[in-house]
Amino acid sequence: MEKVLSGIRPTGNLHLGNYFGAVKSFVKLQDDFECFFFIADWHSLTTHPKPENLRESVKTILSEYLACGIDPEKAAIYVQSDLKQVLELYLYFNMNAYLGELERVTSFKEKVRKQPDNVNAGLLTYPTLMAADILIHKADYVPVGKDQEQNMEMARLFARRFNRIYEVEYFAEPKSFHLSDKAVKVPGLDGSGKMGKSEGNAIYLVDDEATIRKKVMRAVTDSGPVEPNQPKPEPIQNLFTIMEIVSDRSTFDYFNDKYNACEIRYGDMKKQLAADINAFCAPIRERILDLRGNDDYLARVARLGAEKAEASAEKTLREVRQIIGFRN
Ligand code: ADP
Ligand code: TRP
């Protein structure tokens, strides 16, 4: 059976961007593929989180994965740091990764610009660790948002290079996976750009009704169109994009027609959007709050996931060691 793998760093709560860009595909794919969904806690160390925050964030993402509908009986849900095999593969890939190409990765260059006093080696080798995450299970598909495309290209590069160096056809190139024909980008409500934690514009799955409403009502708009059937300015387009994602088609069409007829009332549209986001989040939020306190259950899920992941990882590593020339 073909394999699917993806991970998210534990740096807070999941938001609508994470859900529609990534987690929604996880839930869909678990029925038809052998799936591995993990929490990338090693990756999050590049920012030196406090131990208690790291611990809490891992539990948060674990409960949010489950609340979104990832089923631990179907998919292996695990914590990256429970799968030590990844570190060994990370070391091997680092031996074949060149300084120049790692320095050219856009997200690395961005970090160098934004945090010049913390350009650590973990940041530089972020793509090799991600490649190890993926290739330790020889995953065929990786559901991720558009922003991960360059890391995916690096993973494919490291897979090809390993094959070339050792003259084997061992690793297949992992493919990015999107539910629709192009990668989803959930926009923010602050006028431009994507929804994200660091952008400070996120609506979280766990947000309550009042918080959702407050965030949506604050969304940037303008004084409205003055001519019919005009293209929408970015902040308005973003509002419509989110509505297209969470609301019914008929609701979207209603407001879109109003816009095109220059009769749009943004206040009404925002109220509707807030209600629809809340209707979407409410059942998930309830499950998050329920699961969040159940440490025993979360620990059991992580243990079960780690066992499944270990079996798969151990097999790859045995073969890789043999290929490299270690005695087994
Ligand atoms: P954040 O940008 O909030 O820090 P992450 O970088 O941890 O989120 O992203 C985790 C996953 O969610 C990745 O697969 C990423 O592509 C996806 N993702 C994050 N934000 C969005 C968004 N606004 N639209 C679509 N996908 C997103
Ligand atoms: N880099 C991803 C992010 O920032 C997280 C991640 C780490 C990942 N390892 C991965 C995603 C392997 C997919 C596959 O969101």
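One residue is enough: does region 235-257 have a residue meeting the conditions of a type in the set (A, V, I, L, M, F, W, C) and either in a loop (DSSP other than H, G, I, E, B) or in the same structural domain as Ile61 (by TED's automatic domain parsing) (or both)?
No.
Pull up region 1-26, narrow it to residues that are under 22 Å from Met243 (Cβ atoms) and of a type in the set (A, V, I, L, M, F, W, C), then point me to the one that is nearest to ligand 1 (Cβ to nearest atom).
Only one residue fits best here, namely Ala22.
Looking at region 109-122, is at least one residue in contact (Cβ under 8 Å) with a residue 12 or more places away in the chain and either farther than 25 Å from Gly196 by Cβ or within 13 Å of ligand 1 (Cβ to nearest atom) (or both)?
Yes: region 109-122 contains one or more residues that are in contact (Cβ under 8 Å) with a residue 12 or more places away in the chain and either farther than 25 Å from Gly196 by Cβ or within 13 Å of ligand 1 (Cβ to nearest atom) (or both).
Restricting to region 133-167, and then to whatever is among the β-branched types (Val, Ile, Thr) and within 19 Å of Ile77 (Cβ to Cβ), can you tell me which residue is farthest from ligand 2 (Cβ to nearest atom)?
It comes out as Ile136.
Do we find that Asp257 is in contact with a His (Cβ under 9 Å, 6 or more places away or on another chain) and of a type outside the set (Phe, Trp, Tyr) in this structure?
Answer is no for this residue.
Just a yes or no: is a residue in region 262-276 aromatic (Phe, Trp, Tyr) and more than 30 Å from Asn94 (Cβ to Cβ)?
Within region 262-276, one or more residues are aromatic (Phe, Trp, Tyr) and more than 30 Å from Asn94 (Cβ to Cβ).
Take the conditions at pLDDT 95 or above, loosely packed, with under 14 Cβ neighbours inside 10 Å and either away from ligand 1 (no atom under 14 Å from the Cβ) or in a loop (DSSP other than H, G, I, E, B) (or both) and apply them to Lys232. Does it pass?
Judged against the criteria, Lys232 is not a match.
Being within 15 Å of ligand 1 (Cβ to nearest atom) and either at pLDDT 95 or above or touching a Gly at 6+ places or on another chain (Cβ under 6 Å) (or both) narrows it down to one of Tyr65, Tyr90, so name that one.
On inspection, the qualifying residue turns out to be Tyr65.
Residue check: is Ser180 at pLDDT below 95, out of contact with any helix residue (DSSP H, G or I) (no Cβ under 9 Å at 6 or more places or on another chain) and open to solvent by less than 70 Å² (accessible area, probe 1.4 Å)?
yes
The values are calculated or read from the model by the stated rules, or taken from the named source; none is laboratory data. Treat the numbers as computed from the prediction; the structure is a model and nothing was measured. For neighbour counting, all protein chains shown are included, and Cβ atoms are generated from backbone atoms with ideal geometry for every residue, glycine included. To get the accessible areas, we keep the full protein, side chains included, count just its heavy atoms, and leave off ligands, DNA and RNA. Shrake-Rupley method; radii C 1.70, N 1.55, O 1.52, S 1.80 Å.
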